[in-house]
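*Asks:* Take this structure, written in structure tokens, and hold onto it; I'll ask about it next.
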Amino acid sequence: MIWFYEYALIPKTGGLPCRGALIRVDAGFADIHPWPELGDQPLETQLALLARGAETPLSRRSLEIARIDGAARERGVSLFEGLTIPASHWPGPDPPPEFDTVKLKSIEQIPPRVRLRFDFNARLTPEQFLMIAEGLPGERVDFVEDPCPYDGGTWSALRDATGMRLALDRFVADEGVDVLVVKPAIQEIPETEKEMVITSYMDHPLGQFGAAYFASMHPAPRCGLFTHVLYQPDEFIEAIRTDGARLLPPEGTGIGFDDQLAHLPWKRLS
């Protein structure tokens, strides 16, 4: 039996609310937060398919996370018992002093002092990226994520020309790739010897800490887990505890948030 609760996250920058749904499967909880602009089926389609027993890549991972969460809740333990959540980069150009790395979606505002991770979402041509790279402070660039649509030969040439490490988001490839950006909400953790940076899916705190659990199992120097700061506070966001650039495990069993989950008005899905 599956239950669900629809929610909306309000971006601090304005714009439309970001809609998703928490699901409850037996004792376990998880998040379904689609991004149709990234190719996900819309929320209504995700839920309708799940009600019929059909899965999408997103809901398949949600069911797996709910299973992992439920097993821990049935044992009465936190998923983070004995684990440490790695430090994260800051999502934006205005990092608090505790952060030494930022992730930027543009070059309009580049902060001083910190290591830089740029994410161009494969919007550039190779030629445009080469022009932009010339103006970047290369000694502070940790990596550039998705500078243009992936092609192994093209990325190898770009890496040679710029001297910058390149990161591939959501997919696994070898040629021209230095770092894999992995989102547990939408993909399994790959078997790889490459550096992995595990990030949330800019989703609900329940999904965010699901990603934090996998990041704890596969630690990297800086992950991408601080996405709650992109949204207006709600009761889940207000329950998040941090220590500098590091998330702290939520109170409760499994992924946590026991008190907040207990009083939500759940509806039966299937």
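*Asks:* Which value in nm describes the separation of the simple spin-label points at Ala54 and Thr84, placed 7 Å from the Cα toward the beta carbon?
*Replies:* Placing both labels 7 Å beyond Cα along the Cβ direction yields 4.6 nm.
*Asks:* Report the residue, chosen from Gln208, Gln187, Gln46, that carries the largest GNM mean-square fluctuation when the chain is represented by alpha-carbon nodes joined by springs under 10 Å.
*Replies:* In the Gaussian network model the winner is Gln187.
*Asks:* Might you tell me the accessible area per residue for the chain, computed with a 1.4 Å probe and given in Å²?
*Replies:* 46
*Asks:* Looking at region 21-116, which GluC sites (Glu not before Pro) are DSSP coil and have at most 10 other C-beta atoms within 10 Å of their C-beta? Spell out each step's value before the answer.
*Replies:* Details: sites: Glu37, Glu44, Glu55, Glu64, Glu74, Glu81, Glu98, Glu108; in loops: Glu55, Glu81, Glu98, Glu108.
Hits after loop and neighbour filter: Glu81, Glu108.
*Asks:* Using the Karplus curve 6.51 cos²θ - 1.76 cosθ + 1.60 with θ = phi - 60°, what ³J(HN,Hα) values do you get for each residue of region 109-115, in whole Hz, with x for Gly and Pro?
*Replies:* Running phi through 6.51 cos²θ - 1.76 cosθ + 1.60 with θ = phi - 60° gives 9, 10, x, x, 6, 8, 5 Hz.
*Asks:* Continuing with the same structure: With a cap of 15 neighbouring Cβ atoms within 10 Å, and only residues DSSP puts in a loop, list the GluC sites (Glu not before Pro) found in region 160-242.
*Replies:* Glu175, Glu188, Glu191, Glu193
*Asks:* Would you calculate the separation in nanometres between label points at Glu37 and Arg268, each defined as 7 Å from the Cα along the Cα-to-beta-carbon direction?
*Replies:* 3.8
*Asks:* Here's something else I'd like to know. Along the charge dipole of the chain, pointing to its positive end and built from +1/-1 on Cβ of Lys, Arg, Asp and Glu, which listed residue (Thr154, Gln128, Leu248) has its Cα farthest out?
*Replies:* Most positive-ward Cα: Leu248.
*Asks:* Something else: Using helices alone, what [θ] at 222 nm do you get for the chain, with -39,500 (n - 2.57) per DSSP H run of 4 or more residues, divided over all residues and rounded to the nearest 500? Write down the numbers at each step before the final one.
*Replies:* Values: 7 runs with 70 residues, N = 270.
After summing the helix terms and dividing by residue count, I get -7500 deg cm²/dmol.
*Asks:* Next question, about the same structure. Normalising by the residue count of region 79-190, find the relative contact order in percent from Cα pairs under 8 Å and 6+ residues apart. Walk me through the intermediate numbers first.
*Replies:* On the way: 179 pairs, mean separation 18.5, N = 112.
About 17 percent, as a whole number.
*Asks:* Also: Kindly sort Arg268, Arg73, Arg222 by accessible area of their heavy atoms, largest first, with the probe set to 1.4 Å.
*Replies:* Arg268, Arg222, Arg73
*Asks:* Continuing with this model, one more query. In whole Å, what are the Cα extents of region 122-201 along the three principal axes, biggest one first?
*Replies:* Rounded to whole Å, the extents work out to 35, 25, 23 Å.
*Asks:* Ratio of region 72-208's C-alpha Rg to 2.2 N^0.38 Å, to two decimals? Intermediate values should be presented prior to the final figure.
*Replies:* Values: Rg = 16.5 Å, N = 137, 2.2 N^0.38 = 14.3 Å.
Against the compact-globule rule of thumb, the ratio is 1.16.
*Asks:* Sequence gap at least 6, Cα distance under 8 Å: using those rules, report the relative contact order of the chain to the nearest whole percent. Walk me through the numbers on the way to the answer.
*Replies:* Details: 545 pairs, mean separation 59.7, N = 270.
22 percent.
*Asks:* On C-alpha positions alone, give me the angle between the axis of helix 152-162 and the longest principal axis of the chain, in degrees, nearest 10.
*Replies:* Approximately 60 degrees, to the nearest ten.
The values are calculated or read from the model by the stated rules, or taken from the named source; none is laboratory data. Keep in mind it's a predicted model, so treat the numbers as computed, not measured. As a convention, Cβ positions derive from the backbone with ideal geometry for all residues, glycine included, and neighbour counts pool all protein chains shown. Remember, those area values only see protein heavy atoms, side chains included, never the ligands or the DNA or RNA. Shrake-Rupley method; radii C 1.70, N 1.55, O 1.52, S 1.80 Å.
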